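Here is the structure we will look at.
Read the figures in this text as sums done on the coordinates, not as results from a lab. Just so it is clear, the structure is predicted and the values come from calculations on it, not from any experiment. Methodologically, a virtual Cβ is constructed for each residue, glycine included, from the backbone with ideal geometry; neighbour enumeration extends over all protein chains shown.
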Amino acid sequence: MVKIFVLIKQVPDTHNLQINRASGTIIREGIENVINQDDFHALEFGLNLKEKYGGEVTALTMGPPQAESALRECLAMGVDKAIHVCDPIFAYSDTLQTTLVLKEVFDKIKDYDLIITGTKTSDSSTGQVPYQLSEALDIPLLTDIFSLDIKKNIVACHRNFGHESQNVEAELPVLLRVGRHYNEPRHISLLGIKNAFEAEIEMTDHACLNSPDCIDGNMKSPTRVTKTEKPEEMKRKKEFLKGSTSEKVQKLIEIMQGHSIEKIWIGKQHL
Amino acid sequence: MNFELKDKQKLVRSSVRKFSEEVLAPVAPIIDRDAEFSWDTAKELSKINAWGIQLPEKYGGADLDSISYSITIEEISRICASTGLTVTVHNSVGAYPIYKWGSEEQKEKFLPDLASGNKITGFTWTEPNAGSDASGIECLAVEDGDDFVLNGSKIFVTNGAIASVLVVGTRFKKENGEEGMTALLVEKDMEGYEIGTKEDKLGMRGNPTTSLYFNNVRVPKENVLGKISDGFKIAMQTLDVGRIGIAAQALGIAQAAYEHAVEYSKGRIQFRKPISNFQGVSFKLAEMATNIDAARLLVYRAAYLKDNRERFTKESAMCKYYASKIARKATQEALQVHGGYGYMKDLPVERYYRDVKVTEIYEGTSEIMKLIIAQQILRGNI
């Protein structure tokens, strides 16, 4: 039985994001919170593995009390269990403090085969936690996975590496970081929603950890965000091309190449 | 008093919205254009339990509350009103009366296939000579041994071409001389059951509406729904429930029209300004938003009363009357905001304008809704 844990994070819906210019932080009030988009792909990856190999999928998040709704959504999507790592002292954790908390949590869980994460979160975009957590737990990290087979305690996976595809093997337990291009997250069913709100969510707080002394999100996070700002909007430019159609096409290609667009396809022809 | 949806209901909204935008949106203009029901879409709807929204889990349903039900129909109809119609009729006036008045045998026989979407159902009462006057039906079921022999015809049957079993309003005659109205579960495979041609309609074209002919159809007595003489009561109480779904459907169409109008008016520049800067346009948006909000509160209140087992005949008629009225107006104004573009088939606004009209007609016209509301008031339900 494969024990799968998917790490998810609740983030502000980036469609309507505003930044407080004075404090340099994201305005979270009045903004709807959603599951980080990449994490849906991680959940789908985990659920697919369960359907193929049996076992159990647990969604795990570290976040404030309102992150419960994100876990309910994971349950509605089909995960078997949900763990909410939540304590006021975890607030303001940077990626390192987050990793240390998660390490403590997994040290307590002990029995895990696969930990799956998305690539990065849309609110901070660091993508550091999978790397740090694999180091902290001293387990292999496999990134950019798009398919995977499990035989006994060995995982064999295909991963993307630049323009190559690699076959990699590792021994369980393993941390997987999956991309968003290799699966289509399933739609949530109404029965799933009904059951999700009847399920228990396991709570883990600061007191549950084996060695809580190293944890203090606000005081012990080495990272400080000094400023957050919106990039200046690029103004759209327009240019009218002159000449015959083929001259215009040639000119257009040159312009596009000037913008570091690597591959240009016209019909089936690669230029 | 709490005006906020529960977390569960919020998740129903976001999930069904995502499903509708991803799965139904590409199909909606096509089933409208071709006037074709999509079985592929029906299979996708099965995956989210849309065919058994409120049926208990033991029959394969999702066992949700009535506000979640309304939200589901609203969100489906916001993207594809035809699909919203198929789904709400199946759930609220087809599967619901079987669950509410059916025997355990009937429930076990029909509900699992209905909840999974393997089979589609519906409800038919209207006949050539009996519409608003529901007591005037002429379909006749005459007792003959263990069966009733059914003769007559039905018109404007929603889901007519795709339903495997229908709740059919009939006038019965027993051998002992007893007469009255009964609701029969009539199955497509019964001999003498004939589906008429598909109606060519103004809107809701993705839902196949047909007439039905019953030619000496032998319906076994075990297919009588509830008590034999309870047909009229079953029909009226079923329609009380059905109307919440139709109101939710109208609400979804209104919401879609309104959202399109807001977006378009912000982007359309005339006289060097977005047209939303002109009060002639922005006041239309303000009216739409207010009306939609009011209609939504009426719909959810009716659903709330139903869930709390309180009387909701008046409230269900009110929400259907009001939501369909303001939805018709919203689609009309949304089209007007779009000007000539709104009249073209390139944009979905003209579809909303066509689809919405029937919400003022089926499951009781607006005039019948006012009649019901007035009757309730004058009986003391002020």
Checklist line | Relative contact order of chain B, pairs being alpha-carbon contacts under 8 Å that are 6 or more residues apart, as % | finding: 16
Check: If each of B:Phe271 and A:Asn16 carries a label point 7 Å out from its Cα toward its Cβ, how far apart are those two points in nm?
Finding: 3.0
Notebook entry, point to check: Size of the dipole of region B:7-120 about the Cα centre, Lys and Arg at +1 and Asp and Glu at -1 on the beta carbon, nothing else charged, in debye to 20?
Noted result: 180
Checklist line | A:Cys157, A:Cys208 arranged by Cβ crowding within 10 Å, fewest neighbours leading | finding: A:Cys208, A:Cys157
Margin query: With the cut-off at 31 Å, tell me which of the pairs B:Lys10/B:Lys273; A:Lys9/B:Lys345; A:Lys194/B:Lys221; A:Lys50/B:Lys8; B:Lys43/B:Lys107; B:Lys6/B:Lys198 have Cα atoms farther apart than that.
Written below: B:Lys10/B:Lys273; A:Lys9/B:Lys345; A:Lys194/B:Lys221; B:Lys6/B:Lys198
Notebook entry, point to check: How crowded by other chains is A:182-191, given as the mean number of beta carbons from other chains within 10 Å of each beta carbon?
Noted result: 6
Notebook entry, point to check: Going by how many other Cβ atoms sit within 10 Å of their own, how do A:Met62, A:Met1 line up, fewest first?
Noted result: A:Met1, A:Met62
Note to self: Nothing charged except the Cβ atoms of Lys and Arg (+1) and of Asp and Glu (-1): what's the magnitude of the dipole of the protein assembly as shown about its Cα centre? Round to the nearest 20 debye.
What the structure shows: 2280
Notebook entry, point to check: Put +1 on the Cβ of every Lys and Arg and -1 on every Asp and Glu Cβ in the protein assembly as shown; which of B:Ala289, B:Asn223, B:Gly145 then has its Cα farthest towards the positive end of the dipole?
Noted result: B:Ala289
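When Cβ neighbours within 10 Å are restricted to other protein chains, what is their mean count per residue of peptide B:8-19?
Rounded to a whole number, the mean comes out at 5.
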Item checked: Over chain A, relative contact order from alpha-carbon pairs under 8 Å, at least 6 apart, % -> 23
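Taking a ≥ b ≥ c as the square roots of the eigenvalues of the Cα gyration tensor of region A:153-207, is the shape rounded (a/c under 1.5), prolate (a/b larger than b/c) or oblate?
oblate
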Notebook entry, point to check: Where the centre of each part is set by its Cα atoms, how far does region B:193-220 sit from region A:97-151, in angstrom?
Noted result: 57
Notebook entry, point to check: So which GluC sites (Glu not before Pro) in region B:282-377 pass both tests, a DSSP loop state and at most 13 other Cβ atoms within 10 Å of the Cβ?
Noted result: B:Glu310
Margin query: Can you give me the C-alpha center-to-center distance between region B:267-329 and region B:245-262, rounded to a whole angstrom?
Written below: 8
Item checked: Low-density loop positions, GluC sites (Glu not before Pro), region B:149-198 - DSSP coil, at most 10 other Cβ in 10 Å -> B:Glu175, B:Glu191
Check: Taking chain B as a Gaussian network, Cα atoms linked when under 10 Å apart, which of B:Gln54, B:Gln279, B:Gln237 shows the biggest mean-square fluctuation?
Finding: B:Gln279
Next item on the list: Please go through region B:1-65 and write out the GluC sites (Glu not before Pro) that DSSP classes as loop and that have at most 13 other C-beta atoms within 10 Å.
Entry: B:Glu4
Item checked: Estimated [θ] at 222 nm from DSSP helical runs (n ≥ 4, -39500 (n - 2.57)) normalised by residues in chain A, nearest 500 -> -8500 deg cm²/dmol
Check: Say a site is exposed when it is one of the chymotrypsin sites (Phe, Trp or Tyr not before Pro), sits in a DSSP loop, and has at most 10 other Cβ atoms within 10 Å; what is then the longest site-free stretch of chain B?
Finding: B:4-270
Notebook entry, point to check: In what sequence do A:His15, A:His181 fall when counting other Cβ within 10 Å, fewest first?
Noted result: A:His15, A:His181
Notebook entry, point to check: Which is the longest part of chain B that has none of the trypsin sites (Lys or Arg not before Pro) sitting in a DSSP loop with at most 12 other Cβ atoms within 10 Å?
Noted result: B:1-271
Next item on the list: Positive end of the charge dipole of region A:195-259 (Lys, Arg +1 and Asp, Glu -1 on Cβ, about the Cα centre): tell me which of A:Pro212, A:Leu241, A:Ala196 has its Cα farthest that way.
Entry: A:Leu241
Next item on the list: Work out the length of the dipole vector of region B:266-382 about its Cα centre, built from +1 on the beta-carbon of each Lys and Arg and -1 on the beta-carbon of each Asp and Glu, and round it to the nearest 20 debye.
Entry: 180
